[in-house]
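Written out below as structure tokens is the structure these notes cover.
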Amino acid sequence: MSDDRTPLTVRLPEGKRCALAITYDTDMAGGYAPDGICHGRTMPAIKQHMLRLCDTAQGYGVRLQFFQIGNGLEATEDVGYLQEVLARGHDLDQHTWSHLHLLTDDLEALDYELRHTNELLAGRLGHVSTVLRGPGGYPNGLRGRAANQQVIFDNGFRSVSCEYNFRASFDDYMATVTGPAENQPYAYDSGLIEIPIMSITDRNFFDAIMCEDAEVYREWRVARGHDPVPEGWRKAPWTREDALDRWIEYNLAVAEEVYAQGLLWVICWHPHSHYIHDPENRMLPALLEWAAARPDVFAGTLRDAVEWIERP
């Protein structure tokens, strides 16, 4: 398999040393579902949490990027919260219809999911998606998958964000913190632009790295996954006591490294994960406070970042 990868240059806005693209995949995570199925039919508590994140960002003059699963846009679903997200100036793009992996061998299904989700975005929100987030994340992105890349092209996308570095071990803390330097944007031979996920996701951090009791996690998922957390919920019972503190510490360490090297940093988080593991909403304001203290830091969306990439 050829490398199928041409590194690209990111030209940050004038006066900016580094940039944070803050993205959220808005799915009802399968890792919290009793049946293990991920979908986009968002429960009211998560809708409210998304709007709370928007409130936080707007307090710092920052726009957020959301990626929406298409089955949460069907005619039976309330999309008022997404209309509000767009009305506030945040960016919204698609995440397939059913959380289908972009590496699927079923190209007809992939074509249908991308096309139908685009139709739903246009019909229900009057909105056009220009960037695609690949569900799950893939160590080699779409390299060696020319046919999949063509389906993505055929559905109007020129940029995709789906590569995720599963090789980075949190045991090698500094290798993980410096990850963005090794995961900058590149072009496939087809011309499709890949903008990798550049640091550990919240799902991976809290429910794998910080998980102390897998059985408690499993029991909770089967009994109460996809339900609102109870009154007084402070932390997930399967994680380390200091999990949230370490999450904030980790992300601020990545921010410092990105700042030192003058890089773009693409962040991938989930409202559902932060609703469960960060109920007081500490992470986003901590990061935005860090950025606000540095006038040469840009904080915004993945759509912003696409505009800075010099295409081949």
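Please compute the length gained on full extension between Asp296 and Val128, using 0.36 nm multiplied by the number of residues separating them and subtracting their Cα-Cα distance.
57.4 nm
Over all alpha-carbon pairs in segment 216-312, figure out the percentage whose distance exceeds 15 Å.
For segment 216-312, the fraction of Cα-Cα distances above 15 Å is 70 percent.
I want the local charge near Gly156. Using Cβ-Cβ distances under 13 Å, sum +1 for each Lys or Arg and -1 for each Asp or Glu among the other residues.
Summing Lys/Arg as +1 and Asp/Glu as -1 gives -2.
Can you give the log10 of the normalised intensity I(q)/I(0) at q = 0.09 Å⁻¹, computed with Debye over equal Cα scatterers of the chain?
-0.42
From the convex hull of the Cα coordinates of segment 1-107, what is the mean projected area in square nanometres?
10.4 nm²
Test of understanding: extend the Cα→C-beta vector of Glu182 to 7 Å, then name every residue of segment 233-260 with backbone N under 20 Å from that spot.
Backbone N within reach: 250-260.
What is the P(r) of segment 50-126, as percent of Cα-Cα pairs per 10 Å bin from 0?
Percent of Cα pairs in each bin: 18, 45, 27, 9, 1.
Rule-based calculations on the coordinates, nothing more; no lab input. These numbers come from a predicted model, not from an experiment. Heads up, the Cβs are rebuilt from the backbone with ideal geometry, glycines too, and the neighbour counts pull from every protein chain shown.
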